[in-house]
Amino acid sequence: RDLFGDDGRVGQHLRLPVGTLVREIVIPSRSNGLRTAHRKVAIRQAIDFPLLSLAVSAQFAHDVCEEMTVVVSAVWPKPRVITFCPKARLTEEWIAQIAQTAFAAAHPLPTALGPGIAWRRQMARVETERALRELVATSI
């Protein structure tokens, strides 16, 4: 059963009745061919609050990417989830296209911390490219 609905916040978005005791959480085993990457942009690594975070999960059959989910976080009003089904090798052209889509979806929250919104949007592209190159270099 899923614990959270909507955007995952607690309170009204929690799917469990009040007073429910969670005794066990089962995390499914990693399937063959699954590759993941996470990137965090912060002013300093000692600060937990990311200016931008990005997660990529992709299912590969040998070197062919069957499906992929990219989540760009620290964007308004909630994380952006982008799915792809390239059914191809992740070439530099594919990486550039996916990174451009992440850039277009990223609309960071205004913050008093660090660089401005335009820089953070650009980092969505850069970090997507880095994460995808990491996936290509990873073999399971």
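For the range 21-35, in order, what is each residue's ³J(HN,Hα) by Karplus, 6.51 cos²θ - 1.76 cosθ + 1.60 with θ = phi - 60°, in whole Hz (x at glycine and Pro)?
Computed from phi, the couplings for the range 21-35 are 9, 8, 9, 7, 10, 9, 9, x, 5, 5, 7, 4, x, 7, 10 Hz.
Once you have the Cα-Cα distance between GLN59 and CYS85, take 0.36 nm times their residue separation minus that, and quote the gain in nm to one decimal.
Value of the extension gain: 8.4 nm.
Could you look at the chain and say what percent of its accessible area is carbon and sulfur, using a 1.4 Å probe and all protein chains? Please report the intermediate quantities before stating the final value.
Working: 5030 of 9120 Å².
Answer for the chain: carbon and sulfur cover 55 percent of the accessible area.
Quick one: which residues, 5+ away or cross-chain, put their amide H under 5 Å from the amide H of LEU52? H built at 1.01 Å from N.
VAL41
What size of dipole, in debye to the nearest 20, comes out for the chain about its Cα centre when the only charges are +1 on Lys and Arg C-beta atoms and -1 on Asp and Glu C-beta atoms?
Charge dipole, the chain, about its Cα centre: 280 debye, nearest 20.
Please list the non-local residues whose amide H lies under 5 Å from the amide H of GLY114, H modeled 1.01 Å from N, same-chain partners needing a gap of 5 or more.
none
Among ALA37, ALA58, CYS85, flag the residue with its Cα farthest along the positive direction of the charge dipole of the chain, charges on Cβ as +1 for Lys/Arg and -1 for Asp/Glu.
ALA37
Could you work out how far apart the two model spin labels at SER31 and ALA96 are, taking each label as a point 7 Å from the Cα in the direction of the beta carbon, and quote it in nm?
Here the answer is 3.1 nm between the modelled labels.
Relative contact order for the range 28-90: what percent, with Cα pairs under 8 Å and sequence separation of 6 or more?
With pairs under 8 Å counted, the relative contact order is 25 percent.
The values are calculated or read from the model by the stated rules, or taken from the named source; none is laboratory data. None of these values were measured; they are calculated from a predicted model. Heads up, the Cβs are rebuilt from the backbone with ideal geometry, glycines too, and the neighbour counts pull from every protein chain shown. Each accessible area value is taken on the protein alone, full model and side chains, heavy atoms only, with ligands, DNA and RNA left out. Shrake-Rupley method; radii C 1.70, N 1.55, O 1.52, S 1.80 Å.
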